[in-house]
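Working notes for the structure below.
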Amino acid sequence: MDTTRKNLREQIITAFIKATGYSAIVFVVVIFFFLMKEGLPTIREVSISNLMSTRWYPIEDYFGLLPLISGSLIVTLGATAIAVPFGIGGAIYISEIAPRSVREILKPLVEVLGGLPSVVLGFLGMLILAPFLREFLNLPTGLTALAGAILLGGIAIPTVLSVSEDALDAVPKSYRDASLALGATEWQTIWRVTLPAARSGVLTAVMLGVGRAIGETMTVMMVTGNAPVMFKGLVSLFLPVRTMTATIAAEMGEVANGSVHYHVLFTIGIALFVISLIVNITATSVVFRQKKRQERILS
Amino acid sequence: MNKRFFAIIFLFFSFIVGCNTSTNTSESNLPQETTYIENKGSDTIVNLALAWAERYNQMIPDVSISVTGGGSGTGIAALINGTVDIANASRSIKPEEIEAIKANGNEPVEFVIARDAIAIVINPQNPVNKLTLQQLSDIYSGKIKNWKEVGGEDRPIVRLSRETNSGTHVYFLEEVLRLGDSEKKTLFSPETLLLPSSEGIGAEVRQNPNAIGYDGLGYVTDDMKVIAVAREADGPYVLPSADTVNRGEYPIARDLYMYTNGQPTDIIATYLDWILSSDAQEIVTELGFVPIK
């Protein structure tokens, strides 16, 4: 009697946990179909040459997506270039170098930083960072891709730092001891042993950071100037850009339901979805390949 | 803490109950049914019309006004079909629309209910004081790129605009960029910064001496410099103000209209009279438009 009840409870719990696991897949599929349903009519309504043009001015039916895609990519790459060294460097310091007491203050502080609402950062960016960049770099305006990249980098750093610190922390102490016993310096141990051992976790951290940066909306809308200018090389970092997320956020509120413009905005959503899918698939395949290699070496 | 919380809840409920009893008594005193006024049209006016409708409904609960947007054309089309009582329009009615209403045996009556003026703002450090409409068009379309071309310092021009979904953006495009010529296909330069709020434009203009921006007259604050605008190069340069707008001297301003089918009667006449009263015109100022008096 007692065992059957236990079994029943066990079954319910298992079923529940299974359902939560599968629900993630269900949600992704539902969202994907919704995006497709609202976004695909674009193909019929707007010519490919229009979508592939470099002019975005929806109220006159110019639906060039390229400046928006390039805008998102510039800001995201810039943010990654900032978040990765700072995030991983900070994680190495907290996990490997800092004394216990410092670590116990730093880690929670970083996580608080990660919880800052992005609109607050946007305000700081608009009122402090943008004017500073304009004067410091002698730019026409501070509302540029760079301002967006710096703030998004700041938003992504806590994510990258926190996750890679966990990964580094999970590396067994025996690895470090063995390395040091072989006469390696502390830096050699970190760079050649600990960091490679934590590679898959660190890569996950970077991908989460990139995902955070590319999906962020409010901050970029407030500080990047939202001018749909096509990518012109490195100089574009110092010019205003318009990202895909900011475009959707700024225009979705007023667009007529079911209009061409409405469908194109969902097409942008599909593009965002595909880009983050590519980022994730690349990351997991890299991690898998490395795992396989490690298993081969160990066996 | 807890006590205060309950006190607030209590006050809240007693307020609701109080409201209910008062409406009940007024209803029993005046056994009049609620009358609805249908009001539709311009998206520029929709917020103003809503504010009026709400205030009017607070004063006279028996009259309920339903306000919808959709654009000036939509509003007038609904007036032609007789599905609305009042149409809002940010342009005057077209001759063919008048014909269509006459064909239905009616006569449109026009009311100017407020005015809308767009101020051109720059940083106070910028020595430029005046611009013509043609210069503004060339600046925003990207032909003029440096302040020295319009008599200023050697600085790049940073163009600021409201987002494309704002009525102000569309009006600026039609009246300034295209100089009122609907045949023209001039567009904003792609380098124009599209800012999602008036505050965004204000913040950038206040701190950036390269910037030029535009916004409804009501959003201009003292720490920005307002530009005097002329229709022609030799014409008078006029600063926007309630006076110059009402005298028709400031070039980037338009009248906002309401139209009815025939002379309004009863409730609609009372409502339109109230809209033109100084009480209702105060709301016009609050929303950044120019009152007609």
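The values are calculated or read from the model by the stated rules, or taken from the named source; none is laboratory data. Every value quoted in this text rests on a predicted model; they were computed, and no experiment measured them. In this analysis, Cβ positions are derived from the backbone assuming ideal geometry, glycine residues included, and neighbour counts consider all displayed protein chains.
Points worth noting:
Yes/no per residue for (1) assigned by TED's automatic domain parsing to the domain that holds B:Asn81; (2) part of a loop (DSSP other than H, G, I, E, B); (3) under 23 Å from B:His169 (Cα atoms):
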residue	(1), (2), (3)
B:Glu110	yes, no, no
B:Val121	no, no, yes
B:Asp138	no, no, yes
B:Lys143	no, yes, yes
B:Lys148	no, no, no
B:Glu153	no, yes, no
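- Helices (runs of 4 or more DSSP H) lying entirely in segment A:87-165 (those with 1 or more residues that are closer than 20 Å to A:Ala198 by Cα and touching a residue at least 24 places away in the same chain (Cβ under 8 Å)): A:100-114
- Residues located in segment B:102-116, provided they are at pLDDT below 90 and touching a strand residue (DSSP E or B) at 6+ places or on another chain (Cβ under 6 Å): B:Asn106, B:Asp116
- Selected residue (criterion: nearest to the other protein chains (Cβ to nearest Cβ)) from residues of segment A:253-264 that are surrounded by fewer than 23 Cβ atoms within 10 Å (Cβ to Cβ) and touching a helix residue (DSSP H, G or I) at 6+ places or on another chain (Cβ under 6 Å): A:Val255
- Subset of segment A:28-50 that is more than 25 Å from the chain's Cα centre (by Cα), of a type in the set (A, V, I, L, M) and surrounded by fewer than 16 Cβ atoms within 10 Å (Cβ to Cβ) - its residue that is nearest to the other protein chains (Cβ to nearest Cβ): A:Ile48
- Residue selected from segment A:207-230 under the condition crowded, with 21+ Cβ neighbours inside 10 Å and among the small types (Gly, Ala, Ser), by the criterion farthest from the other protein chains (Cβ to nearest Cβ): A:Gly209
- The set of residues in segment B:109-160 being within 14 Å of chain A (Cβ to nearest Cβ), within 21 Å of the chain's Cα centre (by Cα) and surrounded by fewer than 20 Cβ atoms within 10 Å (Cβ to Cβ) is empty.
- Selected residue [outside any helix (DSSP H, G or I), buried (at least 21 other Cβ atoms within 10 Å of the Cβ) and touching a residue at least 24 places away in the same chain (Cβ under 8 Å)] from B:Asn88, B:Asn106: B:Asn88
- When residues in segment A:84-134 are screened for being acidic (Asp, Glu) and closer than 30 Å to B:Asn208 by Cβ, 0 of them pass.
- When restricted to residues that are surrounded by fewer than 12 Cβ atoms within 10 Å (Cβ to Cβ) and in contact (Cβ under 8 Å) with a residue 12 or more places away in the chain, segment B:262-285 contains 3.
- Among the residues of segment A:231-239, not a single one is within 12 Å of chain B (Cβ to nearest Cβ) and farther than 21 Å from B:Glu191 by Cα.
- Check on A:Ile190, closer than 18 Å to A:Leu237 by Cα and either buried (at least 17 other Cβ atoms within 10 Å of the Cβ) or in contact (Cβ under 8 Å) with a residue 60 or more places away in the chain (or both): no
- Subset of segment A:126-146 that is in contact with a Pro (Cβ under 8 Å, 6 or more places away or on another chain) and more than 15 Å from B:Leu160 (Cα to Cα) - its residue that is nearest to the other protein chains (Cβ to nearest Cβ): A:Arg134
- Residues satisfying the stated conditions in segment A:188-216, i.e. modelled with pLDDT under 90 and polar (S, T, N, Q): A:Ser200, A:Thr204
- Subset of segment B:190-215 [touching a helix residue (DSSP H, G or I) at 6+ places or on another chain (Cβ under 6 Å) and surrounded by fewer than 23 Cβ atoms within 10 Å (Cβ to Cβ)]: B:Pro196, B:Ser198, B:Ala203, B:Gln207
- Selection status of A:Phe16, part of a helix (DSSP H, G or I), among the hydrophobic types (A, V, I, L, M, F, W, C) and free of Cβ contacts under 8 Å to residues at least 40 places away in the same chain: yes
- Count of segment B:162-196 residues, restricted to those that are under 20 Å from A:Val220 (Cβ atoms) and more than 9 Å from chain A (Cβ to nearest Cβ), is 1.
- Which listed residue is of a type in the set (S, T, N, Q), under 30 Å from A:Val120 (Cα atoms) and within 14 Å of chain B (Cβ to nearest Cβ), from A:Thr243, A:Thr204: A:Thr243
- If only residues of segment B:203-215 that are part of a helix (DSSP H, G or I) and in contact (Cβ under 8 Å) with a residue 24 or more places away in the chain are counted, the one that is farthest from the other protein chains (Cβ to nearest Cβ) is B:Val205.
Rundown of residues vs (1) over 22 Å from B:Ile86 (Cα atoms); (2) over 19 Å from the mean Cα position of the chain (by Cα); (3) in the same structural domain as B:Gly69 (by TED's automatic domain parsing); (4) polar (S, T, N, Q), yes/no style:
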| residue | (1), (2), (3), (4) |
| --- | --- |
| B:Tyr219 | yes, no, no, no |
| B:Met224 | yes, yes, no, no |
| B:Asp234 | yes, yes, no, no |
| B:Ala242 | yes, no, no, no |
| B:Val245 | yes, no, no, no |
| B:Gly248 | yes, no, no, no |
| B:Gln263 | no, yes, yes, yes |
| B:Leu276 | no, no, yes, no |
| B:Ala280 | no, no, yes, no |
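- Hits in segment B:155-171 (condition: touching a residue at least 24 places away in the same chain (Cβ under 8 Å) and either small (Gly, Ala, Ser) or outside the structural domain of B:Ile227 (by TED's automatic domain parsing) (or both)): B:Ser161, B:Gly167
- Among the residues listed as A:Ala156, A:Ala170, the single one being away from every other protein chain (no Cβ under 11 Å), within 22 Å of the chain's Cα centre (by Cα) and within 24 Å of A:Val210 (Cβ to Cβ): A:Ala156
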